[in-house]
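The values are calculated or read from the model by the stated rules, or taken from the named source; none is laboratory data. Just so you know, these numbers come straight off a predicted model, no measurement behind them. All Cβ positions, glycine included, derive from the backbone under ideal geometry; neighbour counts span all protein chains shown. All accessible areas refer to the heavy atoms of the entire protein, side chains included, with ligands and DNA or RNA removed. Shrake-Rupley method; radii C 1.70, N 1.55, O 1.52, S 1.80 Å.
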Amino acid sequence: MSAETTNSNGTEKNAGAKRTANTKASSGKFILNDRYEIFLSRPVSEFEHIYADTYEAIAKDGGQSYLAYVIKDRYPARLDVADYLIKQDIPRLLSIKDYGVTTASDGSQRLVVLTDKPSITTPIMSRHQSKRAPLQEDVIRKNILRPVVQALKNLHDADIFHGNIRVDNVFWNNVENAEALLGECVTSLPGSIQPASYETIERAMADPCGRGVGALVEDVYALGILVAILFRGTDPTAGKSTKAMIEDKINRGSFTVMTEGLQLSSNLMEFLRATLHDDPRARWTMDQVWMWVIGNHVTSKQIVSHKKVGRVLEFNGTKYMNLRLIARDLQDNPVEALELIESGNLIKWLERCLLDKVVIDTVQAAINRANYNNKGTGYEDRLLCMVSMSLDPRAPIRYKGLSVMPAGIGGMLVDAIIREQPLQVFAECIREKLAWLWLGYKENEAMDANDLSKRFDNVSKIILRRGIDYGLERCLYELLMDVPCLSMTLSSYYVLTCAQLLQALDKVGEDKARPQQPLDRHIASFISTHDQKDNSLYLILAEGTDPLKRPLALVTLFQSMQKRHQVPPLSGLADWLSKDIEQIAQRYHNRRYRKNVVKNVESDIKGGNLTRLLTLVDSPQEIGRDRSEFEQARIFYRRLEKEHDYLESNLKRNDVFGRATGRQIAAVISGVMGGLFMAATLLMKLTNSDAGM
């Protein structure tokens, strides 16, 4: 296949992401940034995942081998993390070398992320393996934990959550039992490809695409799971459903589930008990893990967990004695759950068997909050969600079938858009401020490191505003900056910047089957969040119905973006906008100039310079001259009308009006004619006299 290049990768609002990667595809291979050849005929299946295919890549100058992750469809990658890792080569972590957008011969675009290739492509334990030989404690500690924790510690120092720690993403470096290498974490959203067994109880409850960036201590939990599986040689939760595994961990604790039947040394038991603690407040930090790895004693925190309930609650045909399980299952039978809550039986049960007034007050407050609109629209779903949240604050937001962490709402929305799933539930979730409420619980304070509360408070207002650049689409790009533009108009393109947006629209504009306008809600929202200039006025006018302001705003918007982002000629987009430009030309009163403008527009479209086209129809000098000439013509016309009315009026009022003037004119004409006659007579006499002589 053949291809053309696209320009910078990364988002323009993120200064670290302003990189240039010219990417081409030809003869079954991609050429990335004129430096790397990516061979589509050489797949590397050990590294591929649900959102990316992997291929062998080679540097053109030196022949060094690399891995190329080709992202499927328009799923986002963690490009902000990729930018950091390109600049900071972290030891014992699979290095990110480059990334870019590639254009294939059919015009479709894909994101490519280039990484180093481990010397041995086989991971410590393949995803296709259910078992392997158990590793000894000293091998795990020295050959795996030491290098992996060193890499993770560097990431955590930069406040970067890995989220991809598992046995098939850790590789031997050079030879078996050499120092391990931790795999990449940028080609998918955090948690989206992670098996539920490696996730904490609360993250495992969420849909994979809705897990989002987790707290750093959740990497520690995954590290503990990794060690437990390698020491045993198999995953004890394998074969269980996610629901059954979660229930087992809730009832018995993650440490017990993962270590049952193992003969652990006191040191390894200390490590696993601290890393697999289900209360994040008691879990070790990565610094504490490192201290243990190098042989120092680490004191674990003692946290008192919530008291277990002493009486059974029967619900949906099941007996419950754990608040987390009740919270999880409330939506399994909404009718019975509503009866349980509204009758007061839930509160009564909590008062009888749970001597924790804080929990009881929290649940009662959730019930009162859900009824803020006197059981108005959406009351039942809101009530179940808020009560579930109050019973288990660390669990995901559960609303109308959604199970999502606040930081994962953007990722789950992307997945729903790509798979063409209903989106109304996301709009309701944001409008009801459920994420903002979730973050308000003290148990979730650690998750607000990235100021998520303010962000969700902002999007809850954005979704209520009307306008082409607001609503759910705008919320998406506010929540997830690295997502490409998901407009259906650009379904074949991977657009990350405003410059790429213009170039993609230019390509679409070359197709005669293009939409009527190069602007929709996704494109408008993408521009609003990615362009450094405030384009709100243009977008408001472009959405309007004014026959002059609407097309003028649309042309001006794209013209200013082309100039600001220094984008090459856009002949396809210019042709797309030509009808708008011709419509704008009708503003001129001078018919001859109007025809010349339309004629020049047709000849200048191929040049693709939107500034030149706009100048033809929006030149202040020409507009001023046209207005001045038109005003002069109007004044002259009004004078003629006034004189016409005067004459008509006097003719109607006076029968002899104009006779005196007529007589004067007749006398003048008679005098002139008489003079001419006398002159002619005199000339004839003189002529005859000359002839006689």
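If the requirement is being within 27 Å of Pro396 (Cβ to Cβ) and of a type in the set (A, V, I, L, M), which of these qualifies: Leu496, Leu490, Leu434, Leu502? Before you say what the answer is, go through the steps one by one.
Working: Leu496 fails: within 27 Å of Pro396 (Cβ to Cβ); Leu490 fails: within 27 Å of Pro396 (Cβ to Cβ); Leu502 fails: within 27 Å of Pro396 (Cβ to Cβ).
Being within 27 Å of Pro396 (Cβ to Cβ) and of a type in the set (A, V, I, L, M) holds for just one of Leu496, Leu490, Leu434, Leu502, which is Leu434.
Of Arg431, Arg398, which residue is open to solvent by 30 Å² or more (accessible area, probe 1.4 Å), within 26 Å of Asp332 (Cβ to Cβ) and in contact with a Ser or Thr (Cβ under 9 Å, 6 or more places away or on another chain)? Break it down stepwise before answering.
Details: Arg398 fails: open to solvent by 30 Å² or more (accessible area, probe 1.4 Å).
Result of the check over Arg431, Arg398: Arg431.
Name the one entry in Arg550, Arg514 that is at pLDDT 90 or above and among the charged types (D, E, K, R). Walk me through how you get there before you give the answer.
Numbers: Arg550 fails: at pLDDT 90 or above.
Unique residue meeting the criteria: Arg514.
Here is a yes/no grid of residues against (1) crowded, with 21+ Cβ neighbours inside 10 Å; (2) out of contact with any Ser or Thr (no Cβ under 8 Å at 6 or more places or on another chain):
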| site | (1), (2) |
| --- | --- |
| Lys153 | no, yes |
| Asn164 | yes, no |
| Asp168 | no, no |
| Leu181 | yes, yes |
| Glu184 | yes, no |
| Ser197 | yes, no |
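How about region 541-579: which of its residues are closer than 16 Å to Lys606 by Cα, without any contact (Cβ under 8 Å) to a residue 40 or more places away in the chain and open to solvent by less than 20 Å² (accessible area, probe 1.4 Å)?
The one that is closer than 16 Å to Lys606 by Cα, without any contact (Cβ under 8 Å) to a residue 40 or more places away in the chain and open to solvent by less than 20 Å² (accessible area, probe 1.4 Å): Ser578.
This table checks each residue for (1) surrounded by fewer than 19 Cβ atoms within 10 Å (Cβ to Cβ); (2) outside any helix (DSSP H, G or I); (3) aliphatic (A, V, I, L, M).
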{"residue": "Ala435", "(1), (2), (3)": "no, no, yes"}
{"residue": "Glu443", "(1), (2), (3)": "yes, no, no"}
{"residue": "Ala446", "(1), (2), (3)": "yes, no, yes"}
{"residue": "Arg465", "(1), (2), (3)": "yes, yes, no"}
{"residue": "Ile468", "(1), (2), (3)": "no, yes, yes"}
{"residue": "Arg474", "(1), (2), (3)": "no, no, no"}
{"residue": "Tyr477", "(1), (2), (3)": "no, no, no"}
{"residue": "Asp482", "(1), (2), (3)": "no, yes, no"}
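Please go through region 506-540 and give me each residue that is part of a loop (DSSP other than H, G, I, E, B), of a type outside the set (D, E, K, R) and open to solvent by 20 Å² or more (accessible area, probe 1.4 Å), ordered by number.
Kept after step one, since they are part of a loop (DSSP other than H, G, I, E, B), are these residues of region 506-540: 510-520, 531-535.
With the extra rule that they be of a type outside the set (D, E, K, R), the set shrinks to 513, 515-519, 532, 535.
If the condition is that a residue be part of a loop (DSSP other than H, G, I, E, B), of a type outside the set (D, E, K, R) and open to solvent by 20 Å² or more (accessible area, probe 1.4 Å), then Ala513, Pro515, Gln516, Gln517, Leu519, Gln532 are the ones that fit.
Please determine whether any residue of region 383-396 is in contact with a Cys (Cβ under 8 Å, 6 or more places away or on another chain) and modelled with pLDDT of 95 or more. Before the answer, list the steps.
Residues of region 383-396 in contact with a Cys (Cβ under 8 Å, 6 or more places away or on another chain): none.
Checking region 383-396: not a single residue is in contact with a Cys (Cβ under 8 Å, 6 or more places away or on another chain) and modelled with pLDDT of 95 or more.
Kindly provide the set of residues from region 64-87 that are within 14 Å of Leu189 (Cα to Cα) and without any contact (Cβ under 8 Å) to a residue 40 or more places away in the chain, ordered by number.
Across region 64-87, the qualifying residue is only Lys72.
For region 117-126, does any single residue satisfy the condition of being open to solvent by less than 20 Å² (accessible area, probe 1.4 Å), β-branched (Val, Ile, Thr) and more than 21 Å from Arg146 (Cα to Cα)?
Checking region 117-126: not a single residue is open to solvent by less than 20 Å² (accessible area, probe 1.4 Å), β-branched (Val, Ile, Thr) and more than 21 Å from Arg146 (Cα to Cα).
Inspect region 390-403 for any residue being touching a residue at least 40 places away in the same chain (Cβ under 8 Å), under 30 Å from Asp356 (Cβ atoms) and in contact with a strand residue (DSSP E or B) (Cβ under 7 Å, 6 or more places away or on another chain) and give the result as yes or no.
yes
Tally up the residues in region 70-112 that are aromatic (Phe, Trp, Tyr) and under 16 Å from Ile31 (Cβ atoms), please. First the steps, then the outcome.
Going through region 70-112, the residues aromatic (Phe, Trp, Tyr) turn out to be 75, 84, 99.
Cutting the leftovers down to under 16 Å from Ile31 (Cβ atoms) gives us 99.
Selection size over region 70-112: 1.
So Arg382 clears everything in (1) closer than 20 Å to Ile201 by Cα; (2) in a helix (DSSP H, G or I) except one condition, right? Which one?
(1)
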